[in-house]
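Trainee: Sharing a structure below in structure tokens format, with a few things to ask.
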Amino acid sequence: MTVGRIQRRGKKNILHNNQAFVAFLLLSAHLSVYGQHTFTDARDGSEYEIVEIADYHWFKENIRYKTPTSWCSENPNSEACQYGNYYYPTDLVNICPEGWRVPTWLEYRAAIKEIERYYGLSDSVKYVTNQQNLYKDLLLDSEWIVNLSLMDDSTFLDMAATGWVEGNKWKPSEYTTVWIIHDVSNTPQPHVHIQPNEIIMHSHGHHVLDKPKNMRRFAVRCICDADQDGRNGK
């Protein structure tokens with residue numbers, strides 16, 4: 001069975017003969033474990049679908065809130081805006097609604113682990129962690145996750161191929177990139193490339209600390225702890 005680009009191995013015939021009935025059972029089981037709700041951002045009235053994954057509530061869509069320097073504030077008719085908005089790192093502190101925040105890599109990783117378990121992919125997903133001299137004299141952690149994607153999976157995060165903004169141009173792509181928060185100061189903002197068959201987390205100076213024409217703006221997801229009331233819009 002294929003959901004988006006994530007495959008459940010060894011279960012290709014799970015809907016054979018009884019597709020409608022089994023699909024109903026799967027959907028019911030999914031909703032009981034991964035409850036989906038909506039959240040309305042009081043700042044602009046935008047409504048977002050959210051899903052609970054690994055003790056967190058996640059936006060199932062890229063945030064659309066407009067800041068003075070966000071792409072869709074400057075270019076409201078851009079085709080890119082159908083996927084959400086695109087931001088510089090300076091927007092990340094206050095971009096999410098009250099009670100919500102930009103995820104860390106550990107929080108993305110916890111969601112990835114949960115998705116891996118849900119689809120029975122533990123034997124095929126590979127994690128590779130490196131330290132690379134990516135910026136000045138600092139060794140920065142980077143991580144590759146192979147044989148898993150978060151793209152087009154309607155059960156969980158439903159990432160779309162949004163591309164990114166570079167300077168004053170939208171760059172369509174077959175994958176998406178999202179910002180994350182980290183605790184290391186004075187380094188370029190880390191981000192996550194979500195590709196059709198792998199996920200890459202890293203940081204680098206080019207396109208992040210660069211000339212305006214080269215600087216990139218990426219999408220953002222928001223999360224809150226599942227035991228908080230952020231999902232109710234309070």
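The values are calculated or read from the model by the stated rules, or taken from the named source; none is laboratory data. Remember, predicted model here, so these are calculated numbers, not experimental data. Don't worry about glycine lacking a Cβ; one is built from the backbone with ideal geometry, like all the others, and counts go over all protein chains shown.
Trainee: Which pairs do you get when a residue that is under 30 Å from Tyr118 (Cα atoms) and part of a strand (DSSP E or B), found in segment 149-174, comes within reach of a residue that is modelled with pLDDT under 95 and of a type in the set (D, E, K, R), reach meaning Cβ atoms under 8 angstrom, with the pair 6+ apart or on two chains?
Mentor: Met151/Arg5; Met159/Asp152; Met159/Asp153; Gly163/Lys171; Trp164/Lys171; Trp164/Arg216; Trp164/Arg217
Trainee: Please verify whether Asp91 is modelled with pLDDT of 90 or more, charged (D, E, K, R) and at positive phi, treating the condition exactly as stated. Break it down into steps so the answer makes sense when it comes.
Mentor: Numbers: modelled with pLDDT of 90 or more: yes; charged (D, E, K, R): yes; at positive phi: no.
Judged against the criteria, Asp91 is not a match.
Trainee: I'd like to verify a number: residues in segment 67-95 that are closer than 12 Å to Ala219 by Cα and either among the small types (Gly, Ala, Ser) or part of a loop (DSSP other than H, G, I, E, B) (or both), how many?
Mentor: Counting residues in segment 67-95 that are closer than 12 Å to Ala219 by Cα and either among the small types (Gly, Ala, Ser) or part of a loop (DSSP other than H, G, I, E, B) (or both) gives 8.
Trainee: Give the residue that is nearest to Ala226 (Cα to Cα), with candidates limited to residues of segment 70-119 that are of a type in the set (Val, Ile, Thr) and crowded, with 18+ Cβ neighbours inside 10 Å. Before the answer, list the steps.
Mentor: Restricting attention to segment 70-119, the residues satisfying the condition of being of a type in the set (Val, Ile, Thr) are 90, 93, 95, 102, 104, 112, 115.
From what is left, the residues that are crowded, with 18+ Cβ neighbours inside 10 Å are 95, 102, 112, 115.
Values: Ile95: 20, Val102: 15, Ile112: 16, Ile115: 17 Å.
Checked segment 70-119; the qualifying residue nearest to Ala226 (Cα to Cα) is Val102.
Trainee: Are any residues in segment 175-189 at pLDDT 85 or above and assigned to a loop (DSSP other than H, G, I, E, B), and if so, which ones? Steps first, answer last, please.
Mentor: Filtering segment 175-189 down to residues at pLDDT 85 or above leaves 175-181.
Matches in segment 175-189: Tyr175, Ile180.
Trainee: Further, regarding this structure: Considering only residues that are in a strand (DSSP E or B) and at pLDDT 90 or above, which ones fall in segment 125-143?
Mentor: Start the filter on segment 125-143 by keeping residues that are in a strand (DSSP E or B), which leaves 126-135, 138-143.
Hits for segment 125-143 are Lys126, Tyr127, Val128, Glu143.
Trainee: Going by what's in this entry, would Arg64 be described as free of Cβ contacts under 8 Å to residues at least 24 places away in the same chain and in contact with a Gly (Cβ under 6 Å, 6 or more places away or on another chain)?
Mentor: Details: free of Cβ contacts under 8 Å to residues at least 24 places away in the same chain: yes; in contact with a Gly (Cβ under 6 Å, 6 or more places away or on another chain): yes.
Spelling it out, Arg64 is indeed free of Cβ contacts under 8 Å to residues at least 24 places away in the same chain and in contact with a Gly (Cβ under 6 Å, 6 or more places away or on another chain).
Trainee: Moving on. Mind listing whichever residues of segment 97-106 are among the charged types (D, E, K, R) and either assigned to a strand (DSSP E or B) or in contact with a strand residue (DSSP E or B) (Cβ under 6 Å, 6 or more places away or on another chain) (or both)? Walk me through it before giving the result.
Mentor: Of segment 97-106, the ones among the charged types (D, E, K, R) are 98, 101.
Selection gives Arg101 alone.
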